[in-house]
């Protein structure tokens, strides 16, 4: 991966969301308007932590996060989510 120039502060992480599912398991194509927002993604940047607490996630981790967690940001033509580490539910 190329150099990622966005650097989060405190306990924030930057996540690249996984692509939404295009078809169901039965083969039905899902239109763009009906696709669920993905709730998993890859961590691409991690802040240093806050108030002496070290971060438990690292760059490259696949994570699950809450459905409405994070702030969407468009950066260099790619969509990312910026959220607090607390909004991450599990590391896969």
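The values are calculated or read from the model by the stated rules, or taken from the named source; none is laboratory data. From a predicted model like this one, the values you see are computed outputs, not experimental measurements. Please note: Cβ atoms are built from the backbone with ideal geometry, for glycine as well, and neighbour counts cover all protein chains shown.
Just a few scattered comments:
- Filter result (over 9 Å from the mean Cα position of the chain (by Cα) and within 17 Å of residue 57 (Cβ to Cβ)) within the stretch 72-87: 84, 85, 86, 87
- Residue in the stretch 55-70 that is part of a loop (DSSP other than H, G, I, E, B), surrounded by 15 or more Cβ atoms within 10 Å (Cβ to Cβ), modelled with pLDDT under 75 and under 12 Å from the mean Cα position of the chain (by Cα) present: no
- Residue count, the stretch 38-47 (criterion: assigned to a loop (DSSP other than H, G, I, E, B) and at pLDDT 90 or above): 1
- Screening the stretch 1-37 for residues that are part of a strand (DSSP E or B) and either more than 14 Å from residue 88 (Cβ to Cβ) or more than 13 Å from the chain's Cα centre (by Cα) (or both) and picking the one that is modelled with the highest pLDDT gives 29.
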